[in-house]
Amino acid sequence: MRADERPKMRAVVAHDYGAPEVLKLEQVPRPEPNDDEALVRVIASSVNPADPLTLSGKYAKEFGTHLPLIPGYDIAGVVEKTGTNLTRLKVGDAVYGYPTFGGGWADYVTVKEWEAAKKPQSLNFVEAAAVPMGALTAWQALVDVAKLQPGQTILIHGGSGGVGGFAVQIGKARGARVIATASTANQELLKQLGADVAVDYTKTKFEDVAKDVDAVLDPVGKDTLARSYGVVKKGGIVMSLVARPDPAELEKHGIRGAGISVHADADDLTEIAQLIDAGKIKPIVTEVLPLTDAVKAQQQAATHHTRGKVVLRVADEPRG
Ligand SMILES: NC(=O)c1ccc[n+]([C@@H]2O[C@H](COP(=O)([O-])OP(=O)(O)OC[C@H]3O[C@@H](n4cnc5c(N)ncnc54)[C@H](OP(=O)(O)O)[C@@H]3O)[C@@H](O)[C@H]2O)c1
């Protein structure tokens, strides 16, 4: 079907790179799923700190983003239509996922089958939309890369954030001892999430508390990353979400390093949904805004001083 023949939908669109104000709510043609895609009716889609960077054009070369651009890399919704090659997702399934190229800030989005999985049954759609990218990043770092074992100790910086909040809970669910850092306002939250030790980085140097840890998760970079190498025991690992660990520092301390790059993975999403339904991890939703407040949501995302996730509500929760 040609684009001008397709039914129209609402979408938050950027036709130019720039500040959040370039985003406009428009009527655009609804996407059509390819053979390997599902069309999802979006109920909610969350906000990520990387959104303003994507919008600025920074990722155009690195990740192949292009204009016009519809943000929205975390979605929860209902499968409306399936391509002929799909084997797992069915029309009517309640799903959540991470569409790699965005598009979630709209009434409909297409996802590859490997980008989405059945939504955790214990969460509503707004809560489920707060999960995919943050939880996948934490899961892939702690489980796939660090292979965190029961009894090991992990230092998680920014434990109150979109990634860190999941990392603290996943660390505890894997039987590890978790030391987590955040500012004063988020100390109680770190405890609620299950951190064994909560460090207020505005008052205490984390090096004074965390020593000989098995792993560090760093979503902050710069000085925080630079000071992290020295707290890891020989053979341990420093993982950063925002920088490549310095090879000279790794060699000096006899440790390993990894720059984490999250990817969509339906199997990981299924395992995460099981942990959520088992009551082991939960998302932190701090604010729910209507789709029409997308610009405000993007402005907030640029601050890096959030707790949990801000979610855009695209449609009412389906009944039943
Ligand atoms: N590489 C990847 O695949 C990948 C994937 C996801 C995210 N990311 C990136 O990772 C970063 C974090 O993402 P996010 O969603 O967790 O962000 P977020 O929700 O904005 O959380 C950032 C957290 O960092 C804390 N923080 C700020 N300065 C700190 C410091 N000096 N020491 C310790 N904690 C500090 C903040 O807590 P306070 O307010 O209490 O300070 C906040 O909770 C972003 O830059 C994002 O773009 C990368």
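How much net charge surrounds residue 285 when only other residues with a Cβ under 11 Å from its Cβ are counted (Lys, Arg +1; Asp, Glu -1)?
Net of charged neighbours comes to +2.
Quick one: compute the contact order of the chain, relative version, from alpha carbon pairs under 8 angstrom and 6+ residues apart, as a percent. Could you put the intermediate results ahead of the total?
Values: 777 pairs, mean separation 61.7, N = 320.
Computed value for the chain: 19 percent relative contact order.
So what's the angle, to the nearest 10 degrees on a 0 to 90 scale, between helix 266-277 and the longest Cα principal axis of the chain?
70
Please identify, among 68, 29, 49, the residue showing maximal mean-square fluctuation in a Gaussian network model of the chain using a 10 angstrom Cα cutoff.
The residue that fluctuates most here is 68.
If r is the Cβ-Cβ distance from residue 200 to residue 315 and R0 is 35 Å, what FRET efficiency results, to the nearest 0.05? Please report the intermediate quantities before stating the final value.
Numbers: r = 40 Å, r/R0 = 1.13.
That gives a FRET efficiency of 0.30.
How big is the shadow of the Cα convex hull of region 112-221, averaged over all directions, in nm²?
Details: hull surface 31.0 nm².
Taking the Cα atoms of region 112-221, their convex hull projects to 7.7 nm² on average.
Residue 60 to residue 122: FRET efficiency via 1/(1 + (r/R0)^6), r the Cβ-Cβ distance, R0 41 Å, to the nearest 0.05? Walk me through the intermediate numbers first.
On the way: r = 38 Å, r/R0 = 0.94.
Here the calculated transfer efficiency is 0.60.
Using only C-alpha positions, report the orientation-averaged shadow area of the convex hull of region 229-298, nm², one decimal. If you can, show how the numbers build up before the last one.
Working: hull surface 31.9 nm².
Spelled out: convex hull of the Cα atoms, projected over all directions, averaged, 8.0 nm².
Which order results if 1, 9, 239 are arranged by neighbouring Cβ count within 10 Å, fewest first?
Values: 1 9, 9 18, 239 25.
Fewest to most other Cβ atoms nearby, the residues stand as 1, 9, 239.
Tell me the Kirkwood radius of region 58-125: reciprocal of the mean inverse pair distance over distinct alpha-carbon atoms, in Å. Write out the running numbers ahead of the final one.
Numbers: mean 1/r = 0.0777 Å⁻¹.
Every distinct Cα pair counted, the radius reaches 12.9 Å.
Relative to the longest principal axis of the chain, what angle (0 to 90°, nearest 10) does the C-alpha long axis of helix 164-173 take?
Between helix and principal axis, roughly 70 degrees.
Got a sec? How would 157, 66 order by Cβ neighbour count within 10 Å, fewest to most? Can you show the working numbers first?
Numbers: 157 28, 66 9.
In increasing order of surrounding Cβ atoms, one gets 66, 157.
With both partners inside the chain, how many of the DSSP beta bridges are antiparallel, as a percent to the nearest 5?
So the antiparallel bridges in the chain amount to around 55 percent.
In nm, give the distance between the simple-model label positions of residue 242 and residue 84, each being 7 Å from the Cα along the Cα-to-Cβ direction.
In this crude spin-label approximation the distance works out to 4.8 nm.
Listing 37, 21, 5, 113 from the residue with the fewest other Cβ atoms within 10 Å to the one with the most, what is the order? Don't jump to the answer; show the numbers that get you there.
Details: 37 23, 21 11, 5 7, 113 18.
Placing the least packed residue first, the sequence is 5, 21, 113, 37.
Can you compute the helix-only [θ] at 222 nm over the chain? Use -39500 (n - 2.57) per DSSP H run of at least 4 residues, normalise by all residues, nearest 500 deg cm²/dmol. Present the calculation step by step, with values, prior to reporting the outcome.
Working: 10 runs with 73 residues, N = 320.
-6000 deg cm²/dmol, from helical runs alone.
I'd like the distance separating the alpha-carbon centroids of region 255-270 and region 101-173, in whole Å.
Here the answer is 10 Å between Cα centres.
Charges at C-beta only: +1 for Lys and Arg, -1 for Asp and Glu. How large is the resulting dipole of region 47-158 about its Cα centre, in Debye rounded to 20? Present the calculation step by step, with values, prior to reporting the outcome.
Values: 9 positive and 10 negative charges, 44 e Å.
The calculated dipole for region 47-158 is roughly 220 debye.
Pop out the ³J(HN,Hα) list for region 177-183 in order, Karplus 6.51 cos²θ - 1.76 cosθ + 1.60 with θ = phi - 60°, rounded to Hz; leave Gly and Pro as x.
8, 10, 9, 10, 10, 6, 7
Could you check the simple spin-label distance between residue 36 and residue 289, using points 7 Å along Cα→Cβ, in nm with one decimal?
If labels sit at residue 36 and residue 289, their model points lie 3.5 nm apart.
Suppose each label sits 7 Å from its Cα in the direction of the beta carbon; what would the residue 191-residue 256 distance come out to in nanometres?
A separation of 3.5 nm, rounded to one decimal place.
Looking only at region 134-259, where both bridge partners belong to it, what percent of the DSSP beta bridges are antiparallel (to the nearest 5)?
Values: 0 of 20 bridges.
Within region 134-259, antiparallel bridges account for around 0 percent of the total.
If N is the number of residues in the chain, what value comes out of its Cα radius of gyration divided by 2.2 N^0.38 Å? Intermediate results must be reported in sequence, preceding the final value.
On the way: Rg = 19.7 Å, N = 320, 2.2 N^0.38 = 19.7 Å.
Here the answer is 1.00, to two decimals.
Tell me which of 130, 225, 259 sits at the most positive position along the dipole axis of the chain, charges placed on C-beta atoms (Lys, Arg +1; Asp, Glu -1).
225
Throughout, read-outs are computed from the coordinates displayed, never taken from laboratory work. Being a predicted model, the structure only gives us computed values, none of them experimental. Reconstructed Cβ throughout: ideal geometry from the backbone, glycine too, with neighbour counts over all protein chains shown.
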